[in-house]
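> Quick one: structure below, then a few questions.
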Amino acid sequence: MHSVSGSTNMRVRLPVLAISLQVLMLVLYGVFVRYDPSADAKYEKNDTVWETNEFYLRYSTFQDVHVMVFVGFGFLMTFLKFYGYSSVAFNLLVAALGLQWAVLIQGFLHQDEHHKGVIYVGIMSMINADFCSAAVLISFGAVLGKTSPVQLLIMAIVEETIFAINEHIAINVLQVNDAGGSMVIHVFGAYFGLMVSRILYREGLRDGHSSECATYHSDIFAMIGTLYLWLFWPSFNSAIALKGDDQMRAVINTYFSLAACVLATYAASSLLDHHGRLDMVHIQNATLAGGVAVGTCADMMLSPFGAMILGTLAGFISTAGYKFLSPVLASKLNVQDTCGVHNLHGIPGLIAAVAGALVAAMASEETYGKSLYLTFPQLIPSNKEDPAFHALHGEFNFIKPGRGRSPAKQGAFQIAELGVTLAMALAGGAITGFILRLPWWGQPSDPNCFSDHLYWELPEDSKEDDEAETRQHTVLQMKGGENNS
Amino acid sequence: MHSVSGSTNMRVRLPVLAISLQVLMLVLYGVFVRYDPSADAKYEKNDTVWETNEFYLRYSTFQDVHVMVFVGFGFLMTFLKFYGYSSVAFNLLVAALGLQWAVLIQGFLHQDEHHKGVIYVGIMSMINADFCSAAVLISFGAVLGKTSPVQLLIMAIVEETIFAINEHIAINVLQVNDAGGSMVIHVFGAYFGLMVSRILYREGLRDGHSSECATYHSDIFAMIGTLYLWLFWPSFNSAIALKGDDQMRAVINTYFSLAACVLATYAASSLLDHHGRLDMVHIQNATLAGGVAVGTCADMMLSPFGAMILGTLAGFISTAGYKFLSPVLASKLNVQDTCGVHNLHGIPGLIAAVAGALVAAMASEETYGKSLYLTFPQLIPSNKEDPAFHALHGEFNFIKPGRGRSPAKQGAFQIAELGVTLAMALAGGAITGFILRLPWWGQPSDPNCFSDHLYWELPEDSKEDDEAETRQHTVLQMKGGENNS
Amino acid sequence: MHSVSGSTNMRVRLPVLAISLQVLMLVLYGVFVRYDPSADAKYEKNDTVWETNEFYLRYSTFQDVHVMVFVGFGFLMTFLKFYGYSSVAFNLLVAALGLQWAVLIQGFLHQDEHHKGVIYVGIMSMINADFCSAAVLISFGAVLGKTSPVQLLIMAIVEETIFAINEHIAINVLQVNDAGGSMVIHVFGAYFGLMVSRILYREGLRDGHSSECATYHSDIFAMIGTLYLWLFWPSFNSAIALKGDDQMRAVINTYFSLAACVLATYAASSLLDHHGRLDMVHIQNATLAGGVAVGTCADMMLSPFGAMILGTLAGFISTAGYKFLSPVLASKLNVQDTCGVHNLHGIPGLIAAVAGALVAAMASEETYGKSLYLTFPQLIPSNKEDPAFHALHGEFNFIKPGRGRSPAKQGAFQIAELGVTLAMALAGGAITGFILRLPWWGQPSDPNCFSDHLYWELPEDSKEDDEAETRQHTVLQMKGGENNS
C-alpha cells in the first residue's frame, strides 16, 4: 500500500545502519578512548583537591546544555501536527549517535601531542560533543519531515566530520574566539542544512503540504522546547568560556540579549500581521535569535547595553525573515526550510560573527586590564624574549606565547573564520545532499512527508487522521499535476 | 467582525508600546548599567580566586528560579482550554520586560553610596530581577484571560516600581527577613493582582464564561508548571539566603513543607467533594502553598517539624480557599481571580508573614549560636563602642553595627512590613486598575475573554472551536441580558 | 452508578489515611528529626568554610534526581489515554509521602552511634529519600491503572520499610557497591511491583482493556518523562558517589551507556516490526535501560567502552523484552505489568548486578592506584596493626579498617546482595499484595481500570470519551463472559 512501499521500508536499512555504526563506535572507543585524569582513579589528587576539578565548575552548565539539545531542539520541532513522534525521537536518535561520533572526531583533531592516539573524555569533551550534535540538529530543522532516519544518521556522521575540521581551523589555525559557537555551530549548522535541503529540493512541495502545519496542542508542545532553549542559552554561551569573570559575562550578556529579543519579536510579529495578531512561529523561534546573535562575543566586554542592541536587532530581523525571506528562499532559490533555521540560526549567526569581529577589534587593555590576554590569547606576544611577554608572564605564570596580533587583526581573523565556515558548510551540505539523494536510504515520497505513519506504529486516533491527510495530499498533488500539464 | 474589532486590534498599540519600552531600556542601560566586578575583566582577581565568585555558588540556583518563572508560571496558566498560547507566551513577554525593568528600578534603589548613578549587574541582580518579575506574574494570574498584552506590559512597569519601593522599605528601612519573599513577592503580587481584578470587574462574567475551563490535555500541560514550581521551590526560597547553613536550611525547610503540603491538599480535595473525587485545580495549585507558607522563615531555625506544620496547614487552607472562598470573593466582593492567586499566594503568604514574625521573635543564641547575628543582623548592637559589639566583631570581623533590636522587636517589625506590603499592594493595584481601565489598551470584550483568537493566528482546528465557543458565549450573554431585563 | 460505586468511593478512605499518615509523620519528625550540622546555625564553621559544605557539591545533582522522580517518572506514565491525571498526580502523592517516610526509616537504620535516637537531615538524606521513593514509583509502574491511591499509599509505607532494610544489608552488612542503586532501587522496585501485580492478578484483563493504550498526544507527554530521565540519569548514578573522580566517572559511564542504548533500541524496535516501524513504547522505555545496566559499576573503572557495551546490550534486551517477554509474563505467569518495568528496571538491573560483580572482581591497584581502597573500602585490611593498613593510612589518614576482602570475594558479595534483593523484593511484594487485596482500599473494578473518572472531576470533553470507553469495556467483558461460559 501507499504508506509503506518497499522503497521506504526501514526494517532492514535502519537496524543494519544503526547496528553497524554502534559496533564501529564500540571498536573505536575500545581502541582510543580513555578517562580524562579528572575521572581516572589512578590520579589520586583528584579525590582531595576537588576544588580544581572542572566537574564541579561545569557540570550543572553541561546539564543545561544537555537539556537544550534533547528537550529544547526535540520539542521545538514538535509543532508539526503529524510529525511529533519523529521530531522528538529522531532528534534523540541523531543526537545519541552524534555525541558518540563527536567525541571521537573532535578527539582525533585535538589530540595532546604527548599522548598521540589516545582520546581523553571528561566534562569538556561531553560539552563539546553536545555542541557538535547541536549543529546537526540545526540542519535537521531545515530538512524536517522530508528525510528518513537513515538519511539523518548518515548526515550526522558526515556533518560532524566537517564540523570538527572547521572547528579545528577556528581554534587552532585561525585562532578565533567564538564562545557560544555562533559561527562554528549556528552558521555552520544552518547553511549546511539549507544546502542539503536545496539539493533534496522537492518540486511536489512547491505549493506546500497539507500536513505542514500545527495544531493547537502541538504548538504548545513546541513552546516547551522554546522555553528551555531560551532559559538555558546563557549556559550554552558560557559553557566553555574561561572560568571566572568570562563565564559570568557570557551569562549576563546572553540573559539581556534574550530579554530584549523577546520584546522585539512580539513587536515585529504583531506589526507584520494585518490584524496585529501574533504568530506562534515567530514566538517559538525568533525570541531565541538573541541567544545566537550574542554568541560569538558573549564573553567579551560587550556591555549589557551592547548585548541588548544585538538582541533587539536579532528579534526584528529574524521575525522579518520568517515573514518575507523564507517564502522567497523557497520559491526563488528552491530552498525549503521546514523550521526556518535560516532565520533562527543563519542570519543571527551572521550578525554574531560580525559583532564578534567588531568587539574583538575594539578590545583594549583599558577595558580589559591585563585580562585582555586571557580572553584573547592571540594578542600575547609570540616571542618569549619579548619584554612584553616577560611582563605578562610575571602576572600570569601559566601563559604561553601567542600570535602577537593587534585587536584589529584579530577582528579580521574573526571575519576570515566566518568565510571558512560558510564555505565549508555550503560545500559540505552539497556533498551530503548528493549522498542523501542516492535511492537506498528510504526517503519518503512527497505525499508521505511530514507524517509519522511511515516510521511509527501509531495509536488508532491519529492513524486515521494522518492517513486521511496523506491521501488528500496525494489527490491534491495529482490534481495539481493535471492542472500543470 | 466580532473577533478583531477596532478597539482590540493590537497592530499599532502593541508594537509601539513594546518598541518604546525597549528603546527606553536601551537608553537607560547604556547610561547606567555596568558589569559587577565579578563579571568585569578589569578586576583580575576574579579569574583565579574563583572560589569566592558568587557565580559558582548561585548560578544553578538561579537557573532553577529562572525555570520557575518562565516554565513554572507559564505552564501553570495553560490550563484554560482556549488560552494556552496567551498564557505561556504573554508570561514570557511580561517576564522579559519585567526583568529588564527590575534590574533598573532595583538598582536605582539599592545603589552603592560610593558609586552613585551606576547599576552593577551580577548573579544577584539576575536573581532579584527574576523575583521581581515573579510578583507581576502572580498578579497576571488574577487577571488571566481578561487583559490585553498592552495592559500587561503597563501593569509590569507600574507594579515593579511599587514592588521595588516596598522591597526597599523591607530591606533597608524596616530591615526584615524574608528569604523566599513570601511577603514581598507573594503577598504583594497576589493582593496587587486582586485589586487590579477588582477595579476591572466585569459584570458580564458574573455567571462565568463557557471558555473558562480546562480540557484533559490542557490540565496535563498545567501540571508541567506545577511540578517545576514544586521541585525548584527550595531553590527559590534559598536563592538569596546567606551562603552556608542558611541556604541549606532554606532548602530543607521548603522541601519538607512542600511534601507535607501535598498530602494535606489531596486529603482536603477528596474530602470536599461529594464523591471523594480529586479536583485538578487543587492539585495544580494548593500543593504549592507550602512553598509560600514557609518562605519568610525558610532560612531560620524553624526545624523540619515546624516546616511540615506550615506545609500541612497551607495545603488545607489553600484547598478550602479554592472551594469556598473564591466563589465568595467573586460574588460578594466582585474580585474575579482566574487562577485563584488568593489561595495560592495570598493566604499562604499571610501565614508565612505571621510564621516568620513568630520564629524571628523566638530566635536566641541558644538555638543559633553566634550565627544569630548573621541570620538576623538587626540584632547586632548599634553602637560600635558597645562591648557586645566588640565581642561579636572579634568572631566575625566583617560585621557592621546593626539596630540592636531584641528578637521580639524584630518580630514586630516583621508584622509591620506585612502591613506595609498589604497597603502598597492594594493602593498600587487600585492605581494600576484605573490606568488599565483607560479605553486605549485594547481590553477584550466579555465574550472574547479567555480566548486566544483575538491575539493569535490560530491553526485551523482550534480556530473553529474557539470562535464557536465565543459566539455561543455572546448568545448566552445576550439571552442572559434579555432574561435580566 | 457504575463509576463511583460505594466500594471505590475515596471520600472517607483517602482523607483519613492521608491525614493519619501526615500526623504520624509530624509526630515522628517532631521527636526525632534535626538539622544536619551543615544546616544548623549553631555550627558556625559552616558559614565560612563553605567549600567543604556538601550542599554546594551535590545540590544541583540532587535537583536533577528530584526532577527525575517527579517529572521523569510522573510523565513517563502519562502515556495512557485516560489515565494522565492519575499517572502524574498519584506519582506526586506517593513520592511526597515516600520521601518523608524514607528520611525516617533510612535515618533509623543508619543512626550515628554517638547520637542514638536522632535523625539528622541534610543534602545526603534528601538524595537518599528521593532514591527510596524512586523504588516505589517503579513498583507503581507495574500496577499502574489498577490500584486506588489508598492502595498506593499503603504500598509506599510497606515497600520503603523493606527497601531500607535491604539497603541496610547492602551497605552495612554485605558492604557492596551500588552507586546508581541498580540492585537496591531498580531490581528491588521492579520485582516488588511485579509480585504485587501477580498477587493482584485480574482475570478480567487477560485480553487487555480498551483503555490500556495511548493517544498521539499522550505519547508525546510521555516523551517529556523519557527525556528528563535520560538526560539526568548521569546525575542519578553519580549523586551519592565519592566526590572527585568517582563522581565524574559515574557521569561519563552513564552518559555513554545511554547514548549506545539509544541506537540499540531503535535498531531492535525497527527489526522486530514487520514493516520496520518503530514502537513508541520501546523508545520511551528501552532507551533508558542503559542507565540502569551501568548503575552498579558506574563509579568503577569500567571504561567508556565497557559502559557502551552494557548500554548496547541493555537496549537490545529491553526492547526484546517488551516484544516477547511481557506477553508471556502476562499469559503464562499472570503478571500484568502495565509499564513493562520488568524490561526497563528488572532485567537491566540484573545485568547491572552481574556487571558490577565482575568489574569489582577485576579491580586492582594497577588500574585504580591507591584510590582502589577509597572506591572499595571493603578491600582495606581489617586489622589496624597490619603493615598494609599502616601504609594506606599514611596516604589517606581518614580511612578506617575494612574487611580485608580480595576483589574476587567482593564480587561474590555483590552477587549475594543481588540474591538478598530479589528475595526481599519478592517476599515483600507478596506480603504487600495480600494486604492490598483486603477489600477496604477501594480497588477499582476491572472495567474502571486505566481510567481517571473514578478519582477525578474531569473536564466535559474527556468525561464523555472516558465513560463511553468504560461502558464499552463492561459490555465487551460481559460478552466475553458469555462466550467463555
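> Could you count how many residues in segment B:60-114 are assigned to a loop (DSSP other than H, G, I, E, B), away from every other protein chain (no Cβ under 11 Å) and in contact with a strand residue (DSSP E or B) (Cβ under 8 Å, 6 or more places away or on another chain)?
2
> Restricted to segment C:13-25, and to residues that are within 25 Å of the chain's Cα centre (by Cα) and within 8 Å of another protein chain (Cβ to nearest Cβ), which residue is nearest to C:Lys116 (Cα to Cα)?
Of everything passing the filter in segment C:13-25, C:Met25 is nearest to C:Lys116 (Cα to Cα).
> Return the residues of segment C:136-167 that are open to solvent by 10 Å² or more (accessible area, probe 1.4 Å) and either acidic (Asp, Glu) or at pLDDT below 95 (or both); say none if nothing qualifies. Write out each step before concluding.
Filtering segment C:136-167 for residues open to solvent by 10 Å² or more (accessible area, probe 1.4 Å) gives C:146, C:154, C:157-158, C:161-162, C:165, C:167.
If the condition is that a residue be open to solvent by 10 Å² or more (accessible area, probe 1.4 Å) and either acidic (Asp, Glu) or at pLDDT below 95 (or both), then C:Glu167 is the only one that fits.
> Filter segment B:236-250 down to residues that are more than 7 Å from chain C (Cβ to nearest Cβ) and in a helix (DSSP H, G or I) and give me whichever is surrounded by the most Cβ atoms within 10 Å (Cβ to Cβ).
Per the stated criteria, the residue is B:Asn237.
> Restricting to segment B:26-42, and then to whatever is outside any strand (DSSP E or B) and facing chain A (nearest Cβ under 7 Å), can you tell me which residue is modelled with the lowest pLDDT?
Narrowing segment B:26-42 to residues outside any strand (DSSP E or B): B:26-32, B:36-42.
Going one step further and asking which of them are facing chain A (nearest Cβ under 7 Å), we end up with B:26, B:29-30, B:38-42.
Working: B:Leu26: 97, B:Tyr29: 98, B:Gly30: 97, B:Ser38: 86, B:Ala39: 90, B:Asp40: 92, B:Ala41: 91, B:Lys42: 89.
Filtering segment B:26-42 for residues that are outside any strand (DSSP E or B) and facing chain A (nearest Cβ under 7 Å), the one modelled with the lowest pLDDT comes out as B:Ser38.
> I'd like to check something: does segment C:270-280 contain any residue that is touching a residue at least 40 places away in the same chain (Cβ under 8 Å) and touching a Gly at 6+ places or on another chain (Cβ under 6 Å)?
no
> Are any of the residues in segment B:314-327 away from chain C (no Cβ under 12 Å), in a loop (DSSP other than H, G, I, E, B) and of a type in the set (Ser, Thr, Tyr)?
no
> Exactly one condition in (1) part of a helix (DSSP H, G or I); (2) open to solvent by 10 Å² or more (accessible area, probe 1.4 Å); (3) at pLDDT 70 or above is not met by B:Gln443; state its number.
(1)
> OK, next. For segment C:60-78, which positions are among the hydroxyl-bearing types (Ser, Thr, Tyr) and either open to solvent by 10 Å² or more (accessible area, probe 1.4 Å) or at positive phi (or both)?
Taking segment C:60-78 and keeping what is among the hydroxyl-bearing types (Ser, Thr, Tyr), we get C:60-61, C:78.
Listed by number, the list holds a single entry, C:Ser60.
> What do you reckon, is A:Ile283 part of a helix (DSSP H, G or I) and open to solvent by 20 Å² or more (accessible area, probe 1.4 Å)? Spell out how you get there, then give the answer.
Working: part of a helix (DSSP H, G or I): yes; open to solvent by 20 Å² or more (accessible area, probe 1.4 Å): no.
No, not satisfied.
> Please work out if C:Phe256 is open to solvent by less than 20 Å² (accessible area, probe 1.4 Å), more than 11 Å from every other protein chain (Cβ to nearest Cβ) and over 21 Å from B:Phe221 (Cα atoms). Before you say what the answer is, go through the steps one by one.
On the way: open to solvent by less than 20 Å² (accessible area, probe 1.4 Å): yes; more than 11 Å from every other protein chain (Cβ to nearest Cβ): no; over 21 Å from B:Phe221 (Cα atoms): yes.
No: the conditions fail for C:Phe256.
> For a quick check of your reading of the model, give me the residue pairs whose first member lies in segment B:79-96 and is touching a residue at least 24 places away in the same chain (Cβ under 8 Å), whose second is of a type in the set (Asp, Glu), with beta-carbon atoms closer than 6 Å and at least 6 apart or on different chains.
B:Phe79/B:Asp219; B:Phe82/B:Asp452; B:Phe82/B:Asp466; B:Tyr83/B:Asp452; B:Tyr85/B:Asp452; B:Ser86/B:Asp452
For every residue, the table says whether it meets (1) hydrophobic (A, V, I, L, M, F, W, C); (2) farther than 28 Å from B:Gly291 by Cα.
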{"position": "B:Ala361", "(1), (2)": "yes, no"}
{"position": "B:Phe396", "(1), (2)": "yes, yes"}
{"position": "B:Gly402", "(1), (2)": "no, yes"}
{"position": "B:Pro407", "(1), (2)": "no, no"}
{"position": "B:Gly419", "(1), (2)": "no, no"}
{"position": "B:Ala430", "(1), (2)": "yes, no"}
{"position": "B:Ile435", "(1), (2)": "yes, yes"}
{"position": "B:Cys449", "(1), (2)": "yes, yes"}
{"position": "B:Glu460", "(1), (2)": "no, yes"}
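> Among residues belonging to segment A:11-40 that are small (Gly, Ala, Ser) and more than 20 Å from C:Met301 (Cβ to Cβ), point out the one that is most open to solvent (accessible area, probe 1.4 Å). Break it down into steps so the answer makes sense when it comes.
Initially, segment A:11-40 is screened for residues small (Gly, Ala, Ser), giving A:18, A:20, A:30, A:38-39.
In the following step, the residues that additionally are more than 20 Å from C:Met301 (Cβ to Cβ) were identified as A:18, A:20.
Numbers: A:Ala18: 1, A:Ser20: 61 Å².
Going through the qualifying residues, I end up with A:Ser20.
> Among the candidates C:Gly180, C:Gly208, C:Gly204, C:Gly189, which residue alone is in contact (Cβ under 8 Å) with a residue 40 or more places away in the chain and open to solvent by 10 Å² or more (accessible area, probe 1.4 Å)? Before the answer, list the steps.
Values: C:Gly180 fails: open to solvent by 10 Å² or more (accessible area, probe 1.4 Å); C:Gly208 fails: in contact (Cβ under 8 Å) with a residue 40 or more places away in the chain; C:Gly189 fails: open to solvent by 10 Å² or more (accessible area, probe 1.4 Å).
C:Gly204 is the lone residue from the list that is in contact (Cβ under 8 Å) with a residue 40 or more places away in the chain and open to solvent by 10 Å² or more (accessible area, probe 1.4 Å).
> Right, here's the next one. For segment C:381-406, give me each residue that is in a helix (DSSP H, G or I) and either buried (at least 19 other Cβ atoms within 10 Å of the Cβ) or among the basic types (Lys, Arg) (or both).
Residues of segment C:381-406 that are in a helix (DSSP H, G or I), as a first pass: C:387-395.
If the condition is that a residue be in a helix (DSSP H, G or I) and either buried (at least 19 other Cβ atoms within 10 Å of the Cβ) or among the basic types (Lys, Arg) (or both), then C:Phe389, C:Leu392 are the ones that fit.
> For segment B:377-412, how many residues are among the charged types (D, E, K, R) and over 24 Å from B:Ala170 (Cβ atoms)?
So in segment B:377-412, the residues among the charged types (D, E, K, R) come out as B:384-386, B:395, B:400, B:403, B:405, B:409.
Of the ones still in play, those that are also over 24 Å from B:Ala170 (Cβ atoms) are B:384-386, B:395.
Adding up the residues that qualify gives 4.
A quick yes/no check of all residues on (1) part of a helix (DSSP H, G or I); (2) modelled with pLDDT of 95 or more; (3) touching a Leu at 6+ places or on another chain (Cβ under 9 Å):
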| residue | (1), (2), (3) |
| --- | --- |
| C:Ile169 | yes, yes, no |
| C:Gln175 | no, yes, no |
| C:Val187 | yes, yes, yes |
| C:Ser210 | no, no, yes |
| C:Trp230 | yes, yes, yes |
| C:Trp233 | yes, yes, yes |
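> Among the residues of segment B:219-226, is any buried (at least 24 other Cβ atoms within 10 Å of the Cβ), free of Cβ contacts under 8 Å to residues at least 24 places away in the same chain, within 12 Å of another protein chain (Cβ to nearest Cβ) and of a type outside the set (A, V, I, L, M, F, W, C)?
So far as segment B:219-226 goes, no, none of its residues is buried (at least 24 other Cβ atoms within 10 Å of the Cβ), free of Cβ contacts under 8 Å to residues at least 24 places away in the same chain, within 12 Å of another protein chain (Cβ to nearest Cβ) and of a type outside the set (A, V, I, L, M, F, W, C).
> Could you check how many residues of segment B:294-313 are aliphatic (A, V, I, L, M) and not in a helix (DSSP H, G or I)?
Of the residues in segment B:294-313, 5 are aliphatic (A, V, I, L, M) and not in a helix (DSSP H, G or I).
> Kindly indicate the residue of segment C:122-131 that is assigned to a helix (DSSP H, G or I), in contact (Cβ under 8 Å) with a residue 40 or more places away in the chain and within 14 Å of chain B (Cβ to nearest Cβ) and also most open to solvent (accessible area, probe 1.4 Å) among those meeting that condition. Step through it out loud before you land on a result.
We begin by selecting, within segment C:122-131, every residue assigned to a helix (DSSP H, G or I); these are C:123-131.
Next, only the ones that are in contact (Cβ under 8 Å) with a residue 40 or more places away in the chain stay: C:123-128, C:130-131.
If we keep only those that are within 14 Å of chain B (Cβ to nearest Cβ) too, we end up with C:123-128, C:130.
Details: C:Ile123: 8, C:Met124: 67, C:Ser125: 28, C:Met126: 2, C:Ile127: 0, C:Asn128: 41, C:Asp130: 1 Å².
In this case the residue turns out to be C:Met124.
> Please find, within segment B:259-280, the residue that is most open to solvent (accessible area, probe 1.4 Å) out of those that are among the aliphatic types (A, V, I, L, M), within 7 Å of chain C (Cβ to nearest Cβ) and part of a helix (DSSP H, G or I).
First pass over segment B:259-280, keeping only residues among the aliphatic types (A, V, I, L, M): B:259-260, B:262-264, B:267-268, B:271-272, B:278, B:280.
Checking which are within 7 Å of chain C (Cβ to nearest Cβ) leaves us with B:259-260, B:262-264, B:267, B:271, B:278, B:280.
Pick out the ones that are also part of a helix (DSSP H, G or I) and you get B:259-260, B:262-264, B:267, B:271, B:280.
Working: B:Ala259: 0, B:Ala260: 0, B:Val262: 0, B:Leu263: 1, B:Ala264: 3, B:Ala267: 0, B:Leu271: 77, B:Met280: 5 Å².
Per the stated criteria, the residue is B:Leu271.
> If you scan segment B:288-328, which residues turn out to be aromatic (Phe, Trp, Tyr) and either open to solvent by less than 10 Å² (accessible area, probe 1.4 Å) or over 23 Å from C:Val121 (Cα atoms) (or both)?
Of segment B:288-328, the ones aromatic (Phe, Trp, Tyr) are B:305, B:316, B:322, B:324.
Passing the criteria: B:Phe316, B:Tyr322, B:Phe324.
> Give all pairs with beta carbons closer than 8 Å in which a residue from segment C:367-389 that is away from chain A (no Cβ under 14 Å) meets a residue that is in a helix (DSSP H, G or I) and open to solvent by 20 Å² or more (accessible area, probe 1.4 Å); count only pairs at least 6 apart in sequence or on separate chains.
C:Gln378/C:Phe413; C:Ile380/C:Tyr373; C:Pro381/C:Ala388
The values are calculated or read from the model by the stated rules, or taken from the named source; none is laboratory data. Only a predicted model underlies this, so the values are computations on that prediction, with no experimental measurement involved. FYI the Cβ positions are ideal-geometry reconstructions off the backbone, even for glycines, and counts take in every protein chain you see. When the accessible area is computed, the model is the full protein with side chains, heavy atoms only, and any ligands, DNA or RNA have been set aside. Shrake-Rupley method; radii C 1.70, N 1.55, O 1.52, S 1.80 Å.
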